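Q: Below are the structure tokens for one structure; questions will follow.
We did not get these values from a lab; they are worked out from the coordinates using the rules stated. Please read these numbers as outputs of a predicted model, since none were measured by experiment. Here the Cβ is made from the backbone with ideal geometry for all residues, glycine too, and neighbour counts use every protein chain on show.
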Amino acid sequence: MQRIGTTELITQYTNGQREFGEIDLSEEDLFEIDLRDIDLTGSDLTRAYLPYANFSQARLQDSIWAEAQMADTKFYQTDLSQANLQGVDLSRASLRQANLQGANLQGANLQEADLSNANLKNADLTGANLSRANLDRANLGEAKLSGSNFFRAKNVDFTDAKLDSKTIAPDGYHPDVP
């Protein structure tokens with residue numbers, strides 16, 4: 001995996017390049033960066049600093065974002081399928097129509113995130129905090145929700161989701177599960 005710095009990334013992106021698959025951007029400061037329509041498939045952004053960034057319509061499948069700071073970041077119609085987002089801060093992020101199928105979101109902070117029309121099928125949200133998140137028409141089918149917090153989340157549909165007695169429902173109670 002090739003290491004690339006923020007300055008080089010911005011220069012190449014500004015010059016029209018969009019294909020950056022399997023690069024190492026771990027621990028980079030990408031505050032407020034606008035990388036719409038970029039391809040970072042298989043890239044490593046572990047512990048990157050990305051608040052207020054824009055990754056709308058980007059291809060980010062199989063990428064690693066573990067412990068990254070991404071509060072208020074835009075991921076509109078972004079493909080994050082199979083991405084490792086364990087322990088990330090996505091509070092207030094826009095993930096409208098994002099594809100998070102099979103993504104690892106264990107322990108992620110998704111407080112007040114907009115996940116309307118997002119595909120979270122088979123995603124692992126174990127221990128994730130989705131309090132006050134908008135899940136209007138989000139697909140949670142087969143998603144692992146053990147110990148997840150949905151307190152005051154909006155429009156949650158648990159159909160076919162895998163929840164347990166540790167999951168906190170929008171009303172603050174634990175759901176009745178067998």
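Q: Return the calculated 222 nm mean residue ellipticity for the chain, to the nearest 500 deg cm²/dmol, obtained by summing -39500 (n - 2.57) across DSSP H runs with n ≥ 4 and dividing by the residue count.
A: Result for the chain, helices only: -1500 deg cm²/dmol.
Q: Which of Gln106, Gln77, Gln17 moves most in a GNM of the chain, Cα contacts under 10 Å?
A: Looking only at Gln106, Gln77, Gln17, the biggest GNM fluctuation is shown by Gln17.
Q: What's the extension gain from Asp164 to Arg137 if we count 0.36 nm per residue and subtract their Cα-Cα distance?
A: Result for the pair: 7.6 nm of gain on full extension.
Q: Can you pull out the GluC sites (Glu not before Pro) in the stretch 27-61 that DSSP calls coil and that have at most 14 other Cβ atoms within 10 Å?
A: Sites meeting the loop and neighbour criteria: Glu27, Glu32.
Q: Report the paramagnetic label zone for Arg152: residues of the stretch 87-102 whose backbone N is under 17 Å from a point 7 Å from Cα along the Cα-to-Cβ axis.
A: 91-93
Q: Mean-square fluctuation check for the chain, GNM, Cα pairs under 10 Å: which of Thr78, Thr46, Thr11 is largest?
A: Thr11
Q: Arrange Met1, Met70 by Cβ neighbour counts within 10 Å, fewest through most, would you?
A: Met1, Met70
Q: Between Glu22 and Asp171, what is the label-to-label distance in nm when each label sits 7 Å out along the Cα-to-Cβ direction?
A: Distance between label points: 5.1 nm.
Q: What's the center-to-center distance, using Cα atoms, between the stretch 154-176 and the stretch 1-64 in Å?
A: 34 Å
Q: Which option, [x] 9, 33, 28, 18, 9, 2, 0; [y] 9, 35, 37, 15, 4, 0; [z] 12, 43, 29, 13, 3, 0, is the value of P(r) over Cα pairs in 10 Å bins from 0, in percent that was calculated from these coordinates?
A: [z]
Q: Next up: Test of understanding: in a Gaussian network model of the chain with alpha carbons linked when under 10 Å, which of Asp79, Asp34, Asp44 would top the mean-square fluctuation ranking?
A: Between Asp79, Asp34, Asp44, it is Asp34 that shows the largest mean-square fluctuation.
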